[in-house]
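The values are calculated or read from the model by the stated rules, or taken from the named source; none is laboratory data. For clarity, every value in this text was computed on a predicted model and none was experimentally measured. Here the Cβ positions follow ideal geometry from the backbone for every residue, glycine too, while neighbour counts run over all protein chains shown. To get the accessible areas, we keep the full protein, side chains included, count just its heavy atoms, and leave off ligands, DNA and RNA. Shrake-Rupley method; radii C 1.70, N 1.55, O 1.52, S 1.80 Å.
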Amino acid sequence: MLAAKSIAGPRAFKASAVRAAPKAGRRSTVVVMARKNEVSESYAKALVELADEKGKLEAVHADVDSVAGLMKENAKLSALIMNPVVDADKKRAVLAKIAKEAGFQQYTINFLNLLVEKDRLALVPEICECFEDLYCQLTDTQVATLRSAVKLEQEQQFLIAKKLQELTGSKNIKLKPVIDSSLIAGFVVEYGSSQIDLSVRTQIERVADSLTKEMTAKLS
């Protein structure tokens, strides 16, 4: 039975998702992919496996999404966290405040404190990326970028995600919406090496190309 989630909050990194309930007894270890910094991968792998072992994978994933979002959206916070000159206690206090306000899991808090202790906070953005890759691998989640001229309603995103789930056969689909006004209207879904283009811009380009070929044929 497909369990569908049509609304995702800010802790879900502004992404809509369709999720199937995880099967019992799934594999609790993951294979680190050969890319990115090996240290970042090691930290991300350790957190993924711990969270999965404790049955807190979804909650910790939401925490990591929040951290990644904050680092991208708050330049001052990112600069403070990644500045090697800033005192470790100050960084720890800032992270504790964020964790309290966001309601982070204790596993996430302990992990962030470990990064402070090991002076690895500069790797946080990359660790978050590695965590996301490993999470998707472990949960059979297909990540897709949804580009549209205007923001689509949650219900529209849900229907797109559900259709994409049928096409890919993935248990879970995670959409990352991106506004692209150049599309005029409609949307483009990009996943893996594939693309579904239902934008008005592309339709106009196809009509223009067809007319050009037709006129060229008549003149020749």
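List the strands (runs of 3 or more DSSP E) inside the stretch 103-210, counting only whole elements, that have at least 1 residues being open to solvent by 50 Å² or more (accessible area, probe 1.4 Å) and either farther than 20 Å from L70 by Cβ or in contact (Cβ under 8 Å) with a residue 40 or more places away in the chain (or both).
172-179, 187-191, 194-197
Return the residues of the stretch 33-76 that are closer than 17 Å to P125 by Cα and touching a His at 6+ places or on another chain (Cβ under 9 Å); say none if nothing qualifies.
Selection gives V48 alone.
Go through (1) farther than 29 Å from L112 by Cα; (2) in the same structural domain as H61 (by the TED database) one by one and return the number of the condition D133 breaks.
D133 satisfies every listed condition except (1).
For the list (1) surrounded by 16 or more Cβ atoms within 10 Å (Cβ to Cβ); (2) in a helix (DSSP H, G or I), I need the number of the one condition that K100 fails.
Exception for K100: condition (1).
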